[in-house]
C-alpha cells in the first residue's frame, strides 16, 4: 500500500470523522435551551459556521499531505 | 413487494441491455463518438449512452408503480428525469459552469411538488430531527452537490458505476430496516439499469455515459435519500465522490468547465497516470490516489471502488450503531 492510497483512505475516514464531529455539535446545540426562532436560527448558523471551518481545516490538511507526498514521491514507473 | 421489485429490476436490466445493443452501433454509424483521453492513441468511444440507462429506469419505475401503487418510484423517476434532460442538454451544447449547478436544483422542486418530502431526516448521533426551516435550502443544495459529485467521479473507465455499486449496496439493509421498500425498489431499479452500462464502461471502455447519465444517477440518489430521510447516511456513503468534487472546486477556486482549468490534475505516460507535479495543479481523487506512484487506469478505478465500499460500509455502520431511531 503506497502513500497515495493511504492518503485517499485518510481523506475518506477524516471526512466521516468531520461529519460526526459536526453532528455531535448539532446535538449539543439542539439539547441546549432554545428561546424562540431567532435564537434557534443563531444556533443553526453557529453549527453551519463550525462545519464550514472544519471543512476548511480538513481540506488544508489533505492538501498539505498531498503536496508533501506529490513533491517528494519517486515518480518512476 | 419483493416479487414486484424483482420484476421491475429485471425489466430495467433487460431493457437497458437491449437499448445498449441497439444504440451503440447507431452511435458508431452517426459518429457520435468521444476520445478516451487517458489511453494511448485516444480511441473513440460512443457517447452519450445516458438514455440507455435512464429510459429503462423510467419504464421499470412505471411498471413498479402499476404493480404496487407506490408513487415514490414515479417521483424519483420524474425528479431524476429532469436531471437527465439537463445532462442531455449539456451533452448536446455545454451549459455554463455556473448555470449547471443552479439548474440541478430543479429536480428537488419536482420531488417537493409531488409531496414526497418530509423535513425529518435521520441524523447520526442526533436522531430523527425536525428541521422545518433549515431543511429546504439544504435539500436543494443536496441535489446539486450529489449530481455534480457523481459527474466529477465519471472520469476514468468504470470508475463511476463501480463506485456507485460499492457505496450504495451496503445501504440496502438501512432501507430495509427503515421499512422504506419504495426507496429500496428505486435503488434496485437504478442498480439494474446501470448494470449493462457498467459492463461496457469498465476498462477498456466501449461506451461513455456523458452528463445525461452521471447527473441522472446523482439526482436519483439524492431523490432516494430524501424520500427515505436518509440524506446524511447517503452523504457518508458518497464521501469519496464528495472528496473528489470538493477538492477540484476548492483547488480551482469555484465552478469551472474542464477547458477553463489551465493545469490538469494528472499527467499521462504510456497509459499510466500520476498526479501533476505542478504544485498549482488542481487536486482530485485520482491525483490523491496517484500522488506517489504512476498507476494503471484499472488499478486507480479499483482503489476508488474500494474507497467507496469503505464509505458505504461506514455509512451502514453509522446508521445501525450511531443513529438513534
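Rule-based calculations on the coordinates, nothing more; no lab input. Since the structure is predicted, the reported quantities are computational estimates derived from the model, not experimental observations. All Cβ positions, glycine included, derive from the backbone under ideal geometry; neighbour counts span all protein chains shown.
For this structure, a couple of remarks:
- Taking every residue in B:279-290 and counting other chain Cβ atoms within 10 Å of its Cβ, the average works out to 4.
- For chain B, the relative contact order is 26 percent, taking Cα pairs closer than 8 Å that sit 6 or more residues apart in sequence and dividing their mean separation by the residue count.
- Inter-chain Cβ neighbour average for residues B:123-130, partner chain, 10 Å: 5
- Relative to the dominant Cα principal axis of chain B, helix B:71-92 is inclined by about 20°.
- For chain B, the longest principal axis of the C-alpha atoms and the axis of helix B:2-30 are separated by about 30°.
- Taking the DSSP bridge list for the protein assembly as shown and keeping only pairs wholly inside it, about 100 percent are antiparallel.
- Summary value for segment A:3-70: 55 percent relative contact order, contacts being C-alpha pairs under 8 angstrom separated by 6+ residues.
- Likely footprinting exposure, B:297, B:17, fewest C-beta neighbours within 10 Å first: B:17, B:297
- The residues B:267, B:236, when put in order of fewest to most other Cβ atoms within 10 Å, stand as B:267, B:236.
- By the count of other C-beta atoms within 10 Å, a proxy for reagent exposure, A:70, B:39 are ordered fewest to most as B:39, A:70.
- Angle between chain B longest axis and helix B:181-201 axis [Cα atoms, degrees, rounded to 10]: 20
- Theoretical gain in end-to-end length, residue B:134 to residue B:3 [0.36 nm per residue, Cα-Cα removed]: 43.3 nm
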